[in-house]
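Read through the structure below, which is laid out as structure tokens, and then see the notes.
Any read-out appearing in this document is the output of simple, stated calculations on the displayed coordinates, not a laboratory observation. These numbers were taken from a predicted model, which means no experiment stands behind them. No Cβ is skipped: glycine too gets one built from the backbone with ideal geometry, and neighbour counts run over all protein chains shown.
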Amino acid sequence: MWKDGRIAEHKIFDPFRDDLIRLQKAGIPVVLCHRPVEGITAPLLGLPFEQIGGMAGEALVKQGHRRVSFFAPHCTQTTDLYLEGFRKALANVDCELPADHCYFGTDGTIDMQELDNEIEAALKRILSQPDRPTAIFTSFDSMAERIYLHLTKMGLRMPDDISLIGVGDQIRHSVLQQQIASVTVNETQLGHRAVQLLNQMRSGEVPIETPETSIMPAEVYTGMTLGPVPEMIKPPNQETLNQRIQSIET
């Protein structure tokens, strides 16, 4: 890939940007995936981040949810766009997203065990409130999977007790992903298009420094974790899962 072209994913920081500049100066084509990189002029296969946040919000609002929560592994420009769309969807029904209903991980390298512990603590804090959220939106399917497992350990069923929606690939690869509702984009199609663009730039059909931008379409995958507001708001119970296991064993 480094010899003939480079597909740059969305997790890009300044040193990587400098690498991309050197690649282009050496005549090696670059395609940006998901979001632009400041200082780089190259074809972009972007995601409609604000629209994705809005679609997640609309999906929850349509189910009657008015108290919701948001989880993200860190604060980024992408996170801000998700939140902007999400908040607009809530505002359409005169709802807000309280700061104490949100979780943002620390910036920098993510320690997965530390992240997992923080998610668990945040869920316990948020869901123990008197008027707890009845739905959670999170910015990555990997986060949604972790939240799903923690909610299950807390004895909360989805969507009976709480709804959950994430963001991810249209192709639901794992059994757990097939369960979780998500606003999805066809990443396979994005990858195929990126390769086409690289080949077109290599052949000279498309200039290496071209500002061509294509935004990938998004759609809602309902899965099994998206449902109406529960009639009775159940608090988390760490012991419930153990009780269920014991009853099965006996």
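The H on the amide N of residue 227, modeled in the peptide plane, is under 5 Å from the matching H of 164, each at least 5 residues off or on a different chain.
If you place +1 on the Cβ of every Lys and Arg and -1 on the Cβ of every Asp and Glu, how big does the dipole about the Cα centre of the chain come out, in debye to the nearest 20?
So the dipole magnitude of the chain works out to roughly 300 debye.
Restricting attention to the chain, the count of lysine pairs at 8 or more positions apart or across chains with alpha carbons under 16 Å apart stands at 5. Volume of the convex hull of the chain (Cα atoms only), normalised per residue: 137 Å³. Positive contributions from Lys and Arg (+1) and negative ones from Asp and Glu (-1), summed over other residues with Cβ under 10 Å from the Cβ of residue 57, come out at +2. Sorted ascending by nearby beta carbons within 10 Å, beginning with the fewest, 74, 150, 192, 65 become 192, 74, 150, 65.
The residues neighbouring residue 165, those whose beta-carbon lies less than 11 Å from its own, together hold a net charge of -2 under the Lys/Arg +1, Asp/Glu -1 convention.
In the chain, a dipole from Cβ-located charges (positive for Lys and Arg, negative for Asp and Glu) runs towards its positive end, and of 133, 150, 192 it is 192 whose Cα lies farthest in that direction. Seen through its C-alpha gyration tensor, with square-root eigenvalues sorted a ≥ b ≥ c, the stretch 120-203 comes out prolate because a/c lies at 1.5 or above while a/b is bigger than b/c. Between 191, 168, 85, the residue with the greatest mean-square fluctuation in the GNM of the chain (Cα pairs under 10 Å linked by springs) is 191.
Within the chain, which is the longest segment containing none of the chymotrypsin sites (Phe, Trp or Tyr not before Pro) that sit in a DSSP loop and have at most 14 other Cβ atoms within 10 Å?
Longest stretch, sites excluded: 14-250.
Taking other residues whose beta carbon is less than 12 angstrom from the beta carbon of residue 186, and scoring Lys, Arg as +1 and Asp, Glu as -1, yields -1.
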